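What follows is a single structure, written as structure tokens, with notes after it.
What follows is calculated from the coordinates using simple rules that are stated; it is not laboratory data. Every value quoted in this text rests on a predicted model; they were computed, and no experiment measured them. Glycine also receives a Cβ, built like all others from the backbone with ideal geometry; neighbour counts cover every protein chain displayed.
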Amino acid sequence: MAFIVEGAVCAEIFEEINANTRTVKNEDNGFDCVIETYFCLDLNFSKVLSMRLLFLFQFVIATTLYSQTNFTLSGHIQDSSSGEQLLGATVWCEDVKVGVAANLYGFYSLTLPEGKYNILVRYIGYSTQKFEVNLIENIKMDIELVAGTTLSEAVVTGESFNKIEDQVQMSKITIPLEQVKRLPAIGGEVDLLKVLQLLPGVQSGGEGTSGLYVRGGSPDQNLMLLDGVPLYSVNHLFGFFSVFNADAVKNMSITKGGFPARYGGRLSSIVEINMKDGHMKEYHGDATVSVIASKLTLEGPIVKDKASFMISGRRTYLDLLVNPLIAATNNNNSGVTTDPRYFFYDLNAKLNWKVGKKDRLYFSAFQGKDDFGIASTEDYGQSSSSLDFGLDWKNAIQALRWNHEWGPRLFSNATLTRSLYEFNTGVDISEISQEGDSLRMAALYNSGIEDFGGRVDFDFAPNARHFIKFGANWTYHTFSPGATALELNFGQINNIDTVLGPEDITSNEAFVYIEDEFELGDRVKVNLGVHASSLAVQDSNYYSIQPRAALNFRLPGGYALKTSYAQMAQYVNLLTNEGLGLPTDLWVPSTARIRPQQSWQVAMGVAKTYGEFEVSLEGYFKSMDGLLSYKQGSSFLFSLDTDWEDQVTQGIGNSYGMELLVQKKLGRTTGWVGYTLSWSNRQFDEINSGNWYPFTYDRRHDLSFVITHDFTDKWTGSAVWLYGTGRALTLNESTFSAYIPDASGSGIYSFSADVPSDKNAFRMSPYHRLDLSLTRTKKTNDGSKQLIFSVYNAYNNLNPFFAQTDQDDNGNPVIREYGIFPIIPSIAWRYSF
Amino acid sequence: MKHTCSSLPLLQFLLIILILSSCEKFAEGVVHEVPFPEHTPRLSATLIVNDEDQELVAMVTSSASVLDSDGPQFVQDAIVTLTEDNGQILYSLTQEDFSDEAYKLLLDDVFGDHDGELTVTVDAPGFEQITATNTMPSKPQFDFLFELNGDTINSPWGIYVQDAFTLNFENNVGAAKHYLIHVDALFTDEFTGDTLDWTPDYLEARPDPRITNHRMTGGLIVSDESLASNENALSEINFSAKSWGEKTENPPVSRRLRVVSLSPELANFYLTADAHLSGGPDFFAEPSLIYSNFSGGFGCFGLSSQTVIEID
């Protein structure tokens, strides 16, 4: 790909930039020049593009630094009642038709020439604030917006800014949390990732599971950031729930393509989920009881308007409910006890401290754990035996964040992070014989990954038409790709206590980036950037220069034509079976033998707002290299003497299609309609005889309707209907017989063997489901109570979960699809104060 | 602002009807049966020949759909023809040679070495002809060290004493080679004193990427495919052998080391068949395919040559 700047005027501009002499102005708009940009495909593009980008940055910096006398209006935008920072809130200057959006920490910076201006501050679900400002010096102004009681009461006035057609960023979707909380949920437990699965371009791994497959990518190609910290496992209950507790979350978004330079490390998507900062003025709480779990969230000031906290916990209680039944059963079986157990919990906590006018500290922590197992004992008087099987996995993250305003135009965020994921499974068997001899065998398998990282990001807004971000990141990974500890005790003799399996692998991953979002005249907005990353592992070094570009061209009639290009590299891989989000999934690094995953993606689309409806239509093509898969016949069930690198193979893939999203965020009725038409294919030399095959999650059609409606002040309803082409799968098609010489070499050993179809040649039945929810809200003196009725799979369509060979009524073999989720009604009760 | 909603009871009613009308599906769990395309039977043939063989054994079956409860059927009216690369027919097996699942032809002498490519053609009425080619690998060249009771393992189940072997193969750089190793023991009957047949030993190798434990044959397959550029790629092949029937009072009267050189196609067939059949059901693994070198069919035509050394 080459970046070409055309025209005699532009040639002159570049000469002047090289001479670094003066600011270039365009007389039409008084700011910068208009540059026409074209993109054309060229395989050896990255070096050329990188040089051009560097050249363009010189130009950008020149045009921004040598400008006339400007002053800056800056500060934070926050909720008037809670003090919660409102990221994405917009500050719009009506007079010159420019605006900025608050960054992730609610900070905004709008630089304008000296003068009086009318300013509008807007945020979805909040009343718009309008005021006049006389900009004769830099002004720091923290702005508080008043929330409407519901989305339906949000005030929409004046000319809007930051509508979908205004944004350069494409392929990014944000869903208001209030809307998410009103959607139907299995077991009454709202799941953020399942909501993301309803968006175009995003698919689930299977019925009820939380895995995300974005534009033909694998789950490991999604960077899940909780308060900016990567989370390696997002699954509870074998993937049927995600670890994100909606009560603790402030906002979430997903970026599927057109990645700005600040993002990196994954090929397919960035999912950003941020915890609430904590109420700065009053103590508040939410308590929710559902059939699956109970949750309690508390937040409030530690020092009013200075420091706050938020803590939220969730735990399932199936084990607590069935314990009395199990105890009663055990009491009736003398000598035999059986104790199954399963629970998960998660805990979110956040501290938020305004250290001074320019500094703010945050501390975020999350811990979640699943514990599954069964213990049994048999006591026959003189002899006894016991068995304890366990399987548990846990996540933990911590982040210490420091925000600092270096001036009205420069803001920084520095973060220290730790992320841990551990998986353990084991069995412990012991026996004492009548003679008193004891025997014990124990095996414990564990795997995991631990990261320590540091990151610094700068936001620099030199004027209203440039917004520059730059920063750096370093992460130290420690991978534990599966080791088994064996302990064997046989009385007094020959005890064994050893560890088998691969050793830990460490790696250093780092990146730097710079991007600028700027305007070229009235019709063109551009985001250009470059992301450079490196990995040092096992005496090998990998480097990657990843150019990023996005362009928004305003067409007549309020339409915006958007296009983007992004290269990505990924140095961590998840070895996984395709489907269930099993905790046995194994995180492994790129190594001297395993090359990094890489991709490039182009996207083009149109966007427009029709009244309260945002409409976007996008087409995309993504090419991937270095994809990792188990070889045929291999899986996570490694034999102890096999290196995981010998079990895997690398290949390539592509994905292309189009996505339509019609979204309504305001009014009594909100929701969206999403449709995806897509193709996704893969090729591995050692799979499917080296031929291309459809990816397991190649889904031709994917359609979702999501609607919420306020019937009355008390009653709110919501419905979700989705349809998707059936999942691709490989089945054994036929059998044949053959032989090999037997062990002696003089006879034969005959056998029959199955012949699988071409990889993913079959399709499961199409998936479709309707979920409904009805919420009754009752105001109380100190808050509100809600009763939430949900029905999952309302018309009880048993969607296929897996397929297997079975026998029909006549004993003939058949292949059947099985569903596991029938209609599931549920009820939850919520109390907010 | 206060809203009223007259349609709410109707919605509730519809919801109840919707739920109740689908309750019969609760217990079944089955979505539906997967429609399978009609299966067209194809020939499957297996002909594995060692240079020391005195009998040719060919198995010919017709493939069957997985939904066919009868499974694959033996094809008894096939003609299996083995020809040299000059077109001269070496052997032909016909319906008269069929007995007990396979076509069997006793040779006047051992099969021996054959230069050049050999081709097998299988014709049967109602089936498309299938063919495969293969080349006889040269006899294995190696030296070895043998240490009686040279490997002792203390285990919770007692002390295990095994014989230790170290093999060093000649390796032709650039050529993939595969060897199947067996160790056999010869015993006499405790009561009659008669000499029994050779009995294969149990072989065990420490983790080594060059060695695969081949469960179907009980042997070890040593492969230099990934290490072909290294002259010493197949040196220091260490393993242990243990005779199943060995007793202190009745030790083997003799041992022999049997090393079979496999053609790459035959090694691939051995390895994929072992992975397919001996690994046990793995719900999480993608289905694997057994290698075949028959165009248009299944099975394998493989050639091998062996060296047998008796150990005193």
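What the table below lists for this structure:
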read-out	value
Among B:Phe74, B:His114, B:Thr133 - extreme Cα towards positive end, dipole of the stretch B:43-135, charges at beta-carbon	B:Phe74
Angle between chain A longest axis and helix A:8-19 axis [Cα atoms, degrees, rounded to 10]	80 degrees
Sorted by Cβ neighbour density within 10 Å, fewest at the top, the residues A:Leu770, A:Leu110	A:Leu770, A:Leu110
Magnitude of the charge dipole, chain A, Cβ model with Lys/Arg +1 and Asp/Glu -1, debye to 20	2760 debye
Lysines whose Cα lies under 27 Å from that of A:Lys714, excluding same-chain neighbours fewer than 8 positions away	A:Lys181, A:Lys194, A:Lys250, A:Lys276, A:Lys295, A:Lys664, A:Lys665, A:Lys778, A:Lys779, A:Lys785, B:Lys2
Shielding of B:287-293 by partner chains, average beta-carbon count, 10 Å	6
Overall form of the stretch A:588-635 per C-alpha gyration tensor (a/c, 1.5; a/b vs b/c)	prolate
Efficiency of FRET between A:Asn681 and A:Thr805 - r from beta-carbon atoms, R0 30 angstrom, step 0.05	0.65
Shape category assigned to the stretch A:173-327 from the gyration tensor of Cα positions, a/c cut at 1.5	oblate
Cβ-placed point charges (K, R +1; D, E -1), dipole of the stretch B:43-135 about Cα centre in debye, nearest 20	380 debye
Least to most buried among A:Arg548, A:Arg523, A:Arg816 (fewest other Cβ within 10 Å first)	A:Arg523, A:Arg816, A:Arg548
16 Å Cα-Cα reach of A:Lys97 towards lysines, excluding residues that sit fewer than 8 places from it in its own chain	A:Lys116, A:Lys130, A:Lys163, A:Lys525
Shape category assigned to chain A from the gyration tensor of Cα positions, a/c cut at 1.5	prolate
Residue list for the stretch A:404-419, given a label point 7 angstrom along the Cα-to-Cβ vector of A:Trp353 and an amide N cut-off under 20 Å	A:404-406, A:412-418
Dipole magnitude (debye, nearest 20) for the stretch A:379-468, charges at Cβ of Lys, Arg, Asp, Glu	1000 debye
For chain A, calculated [θ]222 nm from helices alone, where every DSSP H run of n ≥ 4 adds -39500 (n - 2.57)	-2000 deg cm²/dmol
Shielding by partners - mean other protein chain Cβ count within 10 Å, residues of B:63-75	5
Using a Förster distance of 56 Å, the FRET efficiency for B:Leu186-A:Ile429 (Cβ separation, nearest 0.05)	0.90
Long-range amide H partners of B:Gly302 with built H, under 5 Å	B:Leu47, B:Ile48, B:Val49
Residues A:Glu612, B:Glu101, A:Glu165, sorted so that the one with the fewest Cβ neighbours within 10 Å comes first	A:Glu612, B:Glu101, A:Glu165
